[in-house]
1. Once you put a point 7 Å from the Cα of ALA10 and another 7 Å from the Cα of CYS45, both along the Cβ direction, what distance in nm separates them?
2. Mind grabbing the base-10 log of I(q)/I(0) for segment 12-55 at q = 0.17, 0.18, 0.26 Å⁻¹? Debye formula, identical points on the C-alpha positions, no solvent, two decimal places.
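Nothing in this text is a laboratory measurement; each read-out follows from the coordinates by a stated rule. Just so it is clear, the model here is predicted, and its values are computed rather than measured. Because the Cβ atoms are built from the backbone with ideal geometry, glycine has one as well, and the counts that use them run over all protein chains shown.
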Amino acid sequence: MTKSIPADRAFNDDEIGVRCLFCAHETRKTVGWIRAHTQMECPACGTIVDIESKNFRVGRIGNEA
């Protein structure tokens, strides 16, 4: 029997890039990590980057109504 993953957690292991607004360095983070954090420190310049995970949408491109 296969368990289904809730739609809001299906992408937790997927990685996306988070770009520093100061130096433009991109850091790859998992969706689950982003959901659990509100800030990250840029590894390139040390700037604190605010992350608003509530602004991320779950869905596929082209499926917008």
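1. 3.7
2. Here the Debye-derived log intensity ratios amount to -0.41, -0.46, -0.92.
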